[in-house]
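Before any comments, here is the structure.
The values are calculated or read from the model by the stated rules, or taken from the named source; none is laboratory data. Quick caveat, the model's predicted, so the values are computed rather than measured. Methodologically, a virtual Cβ is constructed for each residue, glycine included, from the backbone with ideal geometry; neighbour enumeration extends over all protein chains shown.
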């Protein structure tokens, strides 16, 4: 579904992605793990069209999408849930959600209403707070709103950037369960997450990114069983390291 | 032909474009890892001014330096490991008791991938869960026995770890009494079993064998027919080497027209051993393998020394993995004898160890009744003080054979020949006479 080959991107003189290749098969949850500054967010932003790729290719559903503007990428069926949620705090929950369907504004209005109902079904709390201003929601609720907003464009690939960041642990658990439920409905997910343990628990496959390069690729189980991943990202074995 | 069974249909029949993407991803991550973790590769890549960020397709692999057996010897025991020893779950090694052996470490994930690869091999050969698989390979530092064993268990077969017992009667009794349906061994051991059956007057039809998987040495067409006829089996040939993984690198499917290489785990190249440039597709050359999933002991462009050719044509079995032809020879003077690989120089070293100085010698390899035999002819030297003492000479002969057995695990016949009769071979040509059928 998504195929990335030798992607390079960065900010000004700063090269962040130094030739990244990865793919996401339809129906998969793929996790990207790596330390702060490894380039995970940059990667998602580049796929979404927010950042311009310096070289390399991004193929979504066999169509070249690198160089396409963000709204076009969304229209093609690839949505981003940005890190830090970025909900419009002075708009209501409902307004935030409807904005998520902006790319489909010229189409059937009925479909947007159906989509809204689906999001409310997924997150009943959003329905309860429909007319509340988004800025007054808790962190977890805002995260749900951000996910719901991304779903309003009816994507086939959902990219999530740190969905558990700044969210109470219990809510984070909810959010990961939601990711699994979304997968069950046929959605494909590319997940960036600091909490590698939680991400690998729901993912099918994963990539470990270090300083802008992929250093490890494998099934979630393989990554969980890799001692290097355990030491660096899963916080295991601290006491026994004597090297 | 029916569409044959596949252990992992998704991987084994993956469209080539998907496979290419997977290969470049895995290659890049392997290269990034070896550059970070293996001093040898960091030095080698820097010396060749390799910029890994510029490696954008699998074919760019040709810009990277090779890894040779000598490199691996020099890194004895652990210098090529890409992870701390602590993360290694298992160690195997090449035999090279006289030369320096090559030590190979497997992480837990490596063992899992190995199991997957040998399971594929077995299913491709036709092994099914109802089979009783007798593994007549050594269970030791030698990777063969354990590698196949894991896969056979994974497939769900009933596994008999018979190992390579010197007691042939026992091997045959197990085969008969435990109702083994699949035999896994070297071709020579297969021939030994045939001979053993004759000796024990057991008709092969009283066995339950239906399939034989062979590896570790050349399985010529004639030997293949002989084994199939005399054991009443279908034979499947396999290819593997300890440095890369052990068994599981490649094997025949039931079409039996070349060995499918597990290309989602290994990238294969064939090069001209003289120019070191890739040959055209389908041409013969030296097999070069790069591991792209191994964590513990990843190898980049490893020169196997084996001569083969690739066949990219689609196979009727449905597998999309490229096929390599049966190995037709070596680029070096390595001798492959009953699953053991060794060099004439190793033999020389052993002989020198007994005699004190390097003797003139010749190695004769033949096939008698399907069994590979090895004879080592040693020129009687002037320095041997007891030329006329038959007893002393005999003791010397026995000692040489014993040391060769201990060091190389090879049962060789040692014979003395006239002084000066082998001297002209000192240059190396004619030193090894291999008349075994190819």
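Per-residue answers, yes or no, for (1) farther than 23 Å from residue B:26 by Cβ; (2) assigned by TED's automatic domain parsing to the domain that holds residue B:183; (3) at pLDDT 95 or above:
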{"site": "B:90", "(1), (2), (3)": "no, yes, yes"}
{"site": "B:114", "(1), (2), (3)": "no, yes, yes"}
{"site": "B:119", "(1), (2), (3)": "no, yes, yes"}
{"site": "B:124", "(1), (2), (3)": "no, yes, yes"}
{"site": "B:129", "(1), (2), (3)": "yes, yes, yes"}
{"site": "B:134", "(1), (2), (3)": "yes, yes, yes"}
{"site": "B:140", "(1), (2), (3)": "yes, yes, no"}
{"site": "B:144", "(1), (2), (3)": "yes, yes, no"}
{"site": "B:147", "(1), (2), (3)": "no, yes, yes"}
Those residues of region B:37-51 which are within 15 Å of residue A:19 (Cβ to Cβ) and in contact with a helix residue (DSSP H, G or I) (Cβ under 8 Å, 6 or more places away or on another chain), in sequence order: B:45, B:50
State yes or no: is residue A:40 modelled with pLDDT of 95 or more, surrounded by 18 or more Cβ atoms within 10 Å (Cβ to Cβ) and within 14 Å of chain B (Cβ to nearest Cβ)? no
Name the strands (runs of 3 or more DSSP E) wholly within region A:170-228 that hold at least 2 residues that are within 14 Å of chain B (Cβ to nearest Cβ) and more than 18 Å from residue B:34 (Cβ to Cβ)? A:205-210
Please return the ranges of strands (runs of 3 or more DSSP E) entirely within region B:271-344 where 3 or more residues are crowded, with 18+ Cβ neighbours inside 10 Å and at pLDDT 95 or above. B:285-291, B:302-308
Specify which of the listed residues (A:150, A:146, A:232) is buried (at least 23 other Cβ atoms within 10 Å of the Cβ) and in contact with a strand residue (DSSP E or B) (Cβ under 9 Å, 6 or more places away or on another chain). A:146
Only unsatisfied item for residue B:109, checking (1) more than 14 Å from chain A (Cβ to nearest Cβ); (2) touching a helix residue (DSSP H, G or I) at 6+ places or on another chain (Cβ under 7 Å); (3) surrounded by 22 or more Cβ atoms within 10 Å (Cβ to Cβ); (4) assigned to a helix (DSSP H, G or I), is (1)
Filter result for the condition that a residue is crowded, with 17+ Cβ neighbours inside 10 Å, in a helix (DSSP H, G or I) and in contact (Cβ under 8 Å) with a residue 40 or more places away in the chain, over A:6, A:96: A:96
Working only within region A:60-84, note down all residues that are exposed (fewer than 13 other Cβ atoms within 10 Å of the Cβ) and part of a strand (DSSP E or B). A:63, A:64
Counting only residues in region B:30-51 that are part of a helix (DSSP H, G or I), in contact (Cβ under 8 Å) with a residue 24 or more places away in the chain and under 19 Å from residue B:289 (Cα atoms), the one farthest from the other protein chains (Cβ to nearest Cβ) is identified as B:40
Qualifying positions in region B:182-217 - under 17 Å from the mean Cα position of the chain (by Cα) and without any contact (Cβ under 8 Å) to a residue 24 or more places away in the chain: none
Looking at the structure I just gave you, is residue A:50 buried (at least 19 other Cβ atoms within 10 Å of the Cβ) and touching a residue at least 12 places away in the same chain (Cβ under 8 Å)? no
Out of the residues in region B:129-162 meeting the condition of being in a helix (DSSP H, G or I) and in contact with a helix residue (DSSP H, G or I) (Cβ under 7 Å, 6 or more places away or on another chain), tell me which one is surrounded by the fewest Cβ atoms within 10 Å (Cβ to Cβ). B:154
If I go through region B:174-192 residue by residue, how many of them are at pLDDT 95 or above and surrounded by 15 or more Cβ atoms within 10 Å (Cβ to Cβ)? 9
Take the residues in region B:52-83 that are without any contact (Cβ under 8 Å) to a residue 60 or more places away in the chain, touching a helix residue (DSSP H, G or I) at 6+ places or on another chain (Cβ under 8 Å) and within 11 Å of chain A (Cβ to nearest Cβ), then tell me which one is farthest from residue B:17 (Cα to Cα). B:52
Among the residues of region A:1-19, the number that are touching a strand residue (DSSP E or B) at 6+ places or on another chain (Cβ under 6 Å) and either closer than 22 Å to residue B:51 by Cα or more than 11 Å from every other protein chain (Cβ to nearest Cβ) (or both) is 12
Right, residue A:22: touching a helix residue (DSSP H, G or I) at 6+ places or on another chain (Cβ under 9 Å) and either in a helix (DSSP H, G or I) or more than 11 Å from chain B (Cβ to nearest Cβ) (or both) or not? no
